[in-house]
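Input: a single structure, listed below in structure tokens.
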Amino acid sequence: MKLSKRAKEEGRQAFTDEQLNLLFEHLTENPDRLVRNPDHKWISLIGIFTGMRLNEIAQLDLADMQQGEDGLWFVRVTDEGSPNKRLKNSASRRLIPLHDRLVAAGLPAFVEDRRKRGSARLFPDLSYCSKNGYGRNPGNRVR
């Protein structure tokens, strides 16, 4: 595979530790009240701590959020469940353990709250787009 010269020149810079700490603070403590929707908080935090693609996060079903017999939480990345779920490729199917900071920040409680509401999806308010899946609107907020 060949990379174009343009792709090399326009590479994205990784976040610094300081930037990541600032993001985490604003997403979890919300000192400036910038995060007004819990979906925005959790989509961002799941992305930061798992490395999942935006559409993988946006299309998660509640059944994909599981707790093992050992008590550890994990995310099941799959195209099974909701009819519009898809994966980039077959290697994208995987299990990802939840980072302790996600658990401590309250993600399991958020999942349980969503289960009580009766939705099949973790983020049921996200609309589906045939081109971009469920990740279109959350992606526009982050740009």
Notebook entry, point to check: Out of (1) modelled with pLDDT under 90; (2) not in a loop (DSSP other than H, G, I, E, B), what's the single condition that is false for ARG12?
Noted result: (2)
Notebook entry, point to check: Do the conditions hold for VAL77, that is, is it of a type in the set (Val, Ile, Thr), under 12 Å from the mean Cα position of the chain (by Cα) and within 27 Å of LEU20 (Cα to Cα)?
Noted result: yes
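What about VAL35, is it within 25 Å of ASP17 (Cα to Cα) and touching a Lys or Arg at 6+ places or on another chain (Cβ under 6 Å)?
Numbers: within 25 Å of ASP17 (Cα to Cα): yes; touching a Lys or Arg at 6+ places or on another chain (Cβ under 6 Å): yes.
Yes, satisfied.
Report, by residue number, each residue of region 36-47 that is part of a helix (DSSP H, G or I) and more than 18 Å from ALA109 (Cβ to Cβ). If you could, list the steps in order and put the result at the bottom.
Step one: filter region 36-47 for residues part of a helix (DSSP H, G or I), giving 38-47.
Within region 36-47, just GLY47 meets the criteria.
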Check: Scanning region 56-82 for residues that are hydrophobic (A, V, I, L, M, F, W, C) and over 13 Å from PRO108 (Cα atoms), which turns out surrounded by the fewest Cβ atoms within 10 Å (Cβ to Cβ)?
Finding: VAL77
Next item on the list: For ALA63, indicate whether it is closer than 14 Å to PHE123 by Cα and in contact (Cβ under 8 Å) with a residue 24 or more places away in the chain.
Entry: yes
Next item on the list: Go through (1) aromatic (Phe, Trp, Tyr); (2) out of contact with any strand residue (DSSP E or B) (no Cβ under 6 Å at 6 or more places or on another chain); (3) closer than 29 Å to LYS131 by Cα one by one and return the number of the condition PHE24 breaks.
Entry: (3)
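Being at positive phi, loosely packed, with under 13 Cβ neighbours inside 10 Å and either in a helix (DSSP H, G or I) or at pLDDT below 95 (or both): is that true of ARG33 here?
Details: at positive phi: yes; loosely packed, with under 13 Cβ neighbours inside 10 Å: yes; either in a helix (DSSP H, G or I) or at pLDDT below 95 (or both): yes.
Here the answer is yes, as ARG33 does meet what is asked.
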Next item on the list: Of all residues in region 84-143, count the ones that are acidic (Asp, Glu) and touching a helix residue (DSSP H, G or I) at 6+ places or on another chain (Cβ under 7 Å).
Entry: 1
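The values are calculated or read from the model by the stated rules, or taken from the named source; none is laboratory data. The structure presented is a predicted model; accordingly, all values stated were derived computationally and were not measured. Quick reminder, even Gly has a Cβ in these numbers, built from the backbone with ideal geometry, and neighbours come from all protein chains shown.
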